[in-house]
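J.: Have a look at this one before I ask anything.
The values are calculated or read from the model by the stated rules, or taken from the named source; none is laboratory data. The structure displayed is predicted, hence computed values, not measured ones. Cβ sites come from the backbone with ideal geometry, for glycine too, and all protein chains shown count toward neighbours.
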Amino acid sequence: MGVIGRFFEFLFGSGRNVLAETAEVFIENAEGAGQREAQARAAVMAQFAGEFALPKKGWFDRFMDALNRVPRPAMAIGTLGMFVAAMVDPIWFAARMQGIALVPDPLWWLLGAIVSFYFGARYQAKGQEFRRDVAGSVAMAQRVTRNLSALDALEGGAEGRPVIQGNPALAEWKREGGEG
């Protein structure tokens with residue numbers, strides 16, 4: 001084997017590519033970078049899945065969830081009922097309001113604190129549920145993008161418009177200034 005043959009064997013032989021290995025010291029390998037990025041995204045999504053996973057609920061949890069849905073509609077319907085009662089029987093309504101006027105201020109404060117904590121906790125729970133839903137939507141974004149690209153390709157191009165070659169009436173309509 002000659003000198004040139006040994007030189008090429010040194011550069012490309014024995015399953016190695018010295019030129020590529022040397023270049024990778026200075027320039028990032030795009031394929032390797034893509035693999036690392038995919039692994040990092042998978043790790044992030046696994047973390048989100050673990051963080052926002054819904055535990056399996058038993059009958060007591062389902063009952064408490066149903067019970068937690070009662071106060072807001074009850075307060076809204078009760079308030080509307082007070083307006084109806086005031087219009088239907090003002091004397092009866094005035095007697096009830098006189099009883100409410102006798103409630104001491106500390107009891108009103110306590111009621112305000114209870115209602116505030118209830119709605120504050122509800123707001124926090126709904127916020128966490130919203131973040132979980134957003135994380136799920138972000139996870140599906142790549143799949144949706146691929147599906148849209150595939151649908152665009154099926155329709156006939158990057159413009160997203162159907163191919164009109166087989167439809168003379170549609171081709172004539174486009175020539176006359178229809179759509180676009």
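J.: Among the residues of the range 54-69 satisfying the criterion of being surrounded by 10 or more Cβ atoms within 10 Å (Cβ to Cβ) and out of contact with any helix residue (DSSP H, G or I) (no Cβ under 8 Å at 6 or more places or on another chain), which is modelled with the highest pLDDT?
T.: Applying the filter and picking the extreme gives Phe63.
J.: Filter the range 104-142 down to the residues that are surrounded by fewer than 11 Cβ atoms within 10 Å (Cβ to Cβ) and at pLDDT 90 or above and list them by number.
T.: Within the range 104-142, Pro104, Asp105, Pro106, Leu107, Trp109 meet the criteria.
J.: Then there's this: Examine the range 35-53 for a residue that is in a helix (DSSP H, G or I), at pLDDT below 85, exposed (fewer than 10 other Cβ atoms within 10 Å of the Cβ) and not charged (D, E, K, R), and state whether such a residue exists.
T.: The answer is yes, given that some residue of the range 35-53 is in a helix (DSSP H, G or I), at pLDDT below 85, exposed (fewer than 10 other Cβ atoms within 10 Å of the Cβ) and not charged (D, E, K, R).
J.: Let me ask something else. Looking only at the range 70-81, decide whether some residue is surrounded by fewer than 11 Cβ atoms within 10 Å (Cβ to Cβ), polar (S, T, N, Q) and without any contact (Cβ under 8 Å) to a residue 24 or more places away in the chain.
T.: There is at least one residue in the range 70-81 that is surrounded by fewer than 11 Cβ atoms within 10 Å (Cβ to Cβ), polar (S, T, N, Q) and without any contact (Cβ under 8 Å) to a residue 24 or more places away in the chain.
J.: Which one is farthest from the chain's Cα centre (by Cα) among residues in the range 89-103 that are assigned to a helix (DSSP H, G or I) and either loosely packed, with under 10 Cβ neighbours inside 10 Å or basic (Lys, Arg) (or both)?
T.: Initial filter on the range 89-103 (assigned to a helix (DSSP H, G or I)): 90-101.
Cutting the leftovers down to either loosely packed, with under 10 Cβ neighbours inside 10 Å or basic (Lys, Arg) (or both) gives us 91, 96, 98-101.
Values: Ile91: 53, Arg96: 48, Gln98: 50, Gly99: 49, Ile100: 46, Ala101: 48 Å.
Applying the filter and picking the extreme gives Ile91.
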